[in-house]
Amino acid sequence: MIEVKNLVKVYSTKKNKVIGVDNVSLTIKNGEIFGIVGYSGAGKSTLLRCLNLLERPTSGQVIIDGVDLTTLNKKELRQARLKIGMIFQHFHLVSSKTVFENVAFALKAAKKSKDEIEKRVNELLEMVGLSDKRDAYPSQLSGGQKQRVGIARALANEPTVLLCDEATSALDPSTTKSILALLKKINRELGITIVLITHEMEVVKDICDRIAVMQDGKVIELGTVYDIFTNPKEELTKSFINSVLQFDLPDHLLKKRTGTIVKIQFKGEIAEEAIVSDMLQTFKVKGNILHGKIEYIQDMPLGIFVMELTGDPDEIQRAIDYISLRTNGLEVIASAA
Ligand SMILES: Nc1ncnc2c1ncn2[C@@H]1O[C@H](COP(=O)(O)OP(=O)(O)O)[C@@H](O)[C@H]1O
Ligand SMILES: [Mg+2]
């Protein structure tokens, strides 16, 4: 378990002080994939780098499996860090070394024997699907392959935690998917806790169990991915989610409509119920679906429909009340003209 308590990181530059992380407290459970999302400058990297003390917090604690890292001496910290792997957006491979040597480097640092290193590197390359690239140099690899080397190197010393700083942000969408699938496999098969920071909501939607949303150094919202996607509280979170789910209707489409336009959200089981058709049968209103889809988040359905309702205003209001009661979200986007 990773416990972050009242973590503050202030950067003092010649001119002024910049707050990187502003009093963050959170707990990351063993074996979960925890995402941290936020725009550039929100403090994500600073927070992540504080988790292995690459960055020393100005105040606060980082406690991993009961050990407060901020109290360790240099040697103890070096030992503790071996159990925390890290991967980066730009991979940070040594260009003059082969794939094998890049991965072996982490094991040499841990003072492993030559035979052990040989065996372990081969195992790791097999796991990330790069056995045939053993003797290649980074310049001969694609971005996705480079990140696989980064992952193999990060896992070399059998860490319990893997920190990922925008690990897919330099990759195209299909390579991103394959790297995320690899991270998920590592999490499920090896039980490694993964902390992943990203500015892309799509990334957390696919693999995270829980996420924290950061803004100005603070965590402004935290919850399971499903709860955050189906019931976001903060404006920033809503805008992040909208960027993924894309349910906004184009303005010109909205202007042409004369009825009442509602957005209806169905969560979990009720996504499959025929609430809309019940409503249309019960009330004297006409419904015209403008937009709709069912997304699967953590394998649970989230349905969203945008409908135009026309008819008697009182009936429309009753229909709206009916749906509001039975779903977990009805938002009137535009009232009848
Ligand atoms: N080494 C540094 N010196 C001074 N300010 C920094 C340093 N690193 C980060 N910052 C500042 O801290 C804030 C958070 O940065 P960062 O953690 O990199 O955000 P993110 O990863 O979310 O983009 C920003 O205002 C950034 O300019
Ligand atoms: Mg960053």
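Computed values, structure above
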| read-out | value |
| --- | --- |
| Evaluation of Ile297 against (1) under 25 Å from the mean Cα position of the chain (by Cα); (2) surrounded by fewer than 16 Cβ atoms within 10 Å (Cβ to Cβ) (one fails), failing number | (2) |
| Residue in segment 164-174 that is part of a strand (DSSP E or B), surrounded by 13 or more Cβ atoms within 10 Å (Cβ to Cβ), in contact with a strand residue (DSSP E or B) (Cβ under 7 Å, 6 or more places away or on another chain) and not acidic (Asp, Glu) present | yes |
| Scope segment 287-318; condition in a strand (DSSP E or B) and of a type in the set (S, T, N, Q); matching residues | Asn288, Thr310 |
| Of the criteria (1) farther than 25 Å from Ile64 by Cα; (2) assigned to a helix (DSSP H, G or I), which one Lys97 fails | (2) |
| Residue within segment 200-212 that is within 30 Å of Leu141 (Cα to Cα), in a strand (DSSP E or B) and either in contact (Cβ under 8 Å) with a residue 60 or more places away in the chain or in contact with a Cys (Cβ under 8 Å, 6 or more places away or on another chain) (or both) present | no |
| Which listed residue, of Glu123, Glu55, is assigned by TED's automatic domain parsing to the domain that holds Gly150, on the phi < 0 side of the Ramachandran plot and more than 16 Å from ligand 2 (Cβ to nearest atom) | Glu123 |
| Every residue from segment 212-233 that is buried (at least 21 other Cβ atoms within 10 Å of the Cβ), within 14 Å of ligand 1 (Cβ to nearest atom) and among the hydrophobic types (A, V, I, L, M, F, W, C) | Ala212, Val213, Met214, Val219 |
| Complete set of residues in segment 244-261 that are among the polar types (S, T, N, Q), surrounded by fewer than 17 Cβ atoms within 10 Å (Cβ to Cβ) and more than 16 Å from Tyr296 (Cα to Cα) | Thr258 |
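The values are calculated or read from the model by the stated rules, or taken from the named source; none is laboratory data. Since the model is a prediction, treat every value here as computed from it, not as a measurement. Positions of Cβ are generated from backbone atoms using ideal geometry, with glycine treated the same way; all protein chains shown enter the neighbour counts.
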